[in-house]
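Here the structure comes first, spelled out in structure tokens, and everything after it is commentary.
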Amino acid sequence: MNQNNTMTKHQVAAFCRSLPGVKEDVKWGGVEVFYIDQNKMFALFNLNSNGLSFKVEKDLFLGYIDRPGIRPSPYLARA
């Protein structure tokens, strides 16, 4: 963690890789995708920016997007 007690992109990626059964791939011209069971994505990094997306349960979604600096992912929010 850095001085602000926040994780860096590399630390989040290392955590995702440490989870059991996780695979990663780069898709869509620069999005690092972490997934399980062949196709269940749970985290995405836009390698061309600082964008980071996580999948959350529907009942937690509104609680997360009410926080400063967090917004729905434009390509996953409808799913």
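The values are calculated or read from the model by the stated rules, or taken from the named source; none is laboratory data. Please read these numbers as outputs of a predicted model, since none were measured by experiment. Methodologically, a virtual Cβ is constructed for each residue, glycine included, from the backbone with ideal geometry; neighbour enumeration extends over all protein chains shown.
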Item to check | Residues that are assigned to a loop (DSSP other than H, G, I, E, B) and within 14 Å of the chain's Cα centre (by Cα), drawn from the range 15-29 | outcome: LEU19, VAL22
Next on the checklist: Quick test for you: out of SER49, SER53, pick the one residue that is among the polar types (S, T, N, Q) and assigned to a strand (DSSP E or B).
Outcome noted: SER53
Checklist outcome for this item: Checked the range 17-57 for anything modelled with pLDDT of 85 or more and on the phi > 0 side of the Ramachandran plot; matches are GLY21
Item to check | Residues (charged (D, E, K, R) and not in a loop (DSSP other than H, G, I, E, B)) located in the range 30-46 | outcome: GLU32, LYS40
Next on the checklist: Cβ-Cβ distance below 7 Å, separation of 6 or more or different chains: which pairs start in the range 22-35 with a residue that is closer than 14 Å to VAL12 by Cα and surrounded by 12 or more Cβ atoms within 10 Å (Cβ to Cβ) and end on one that is at pLDDT below 85 and among the acidic types (Asp, Glu)?
Outcome noted: none
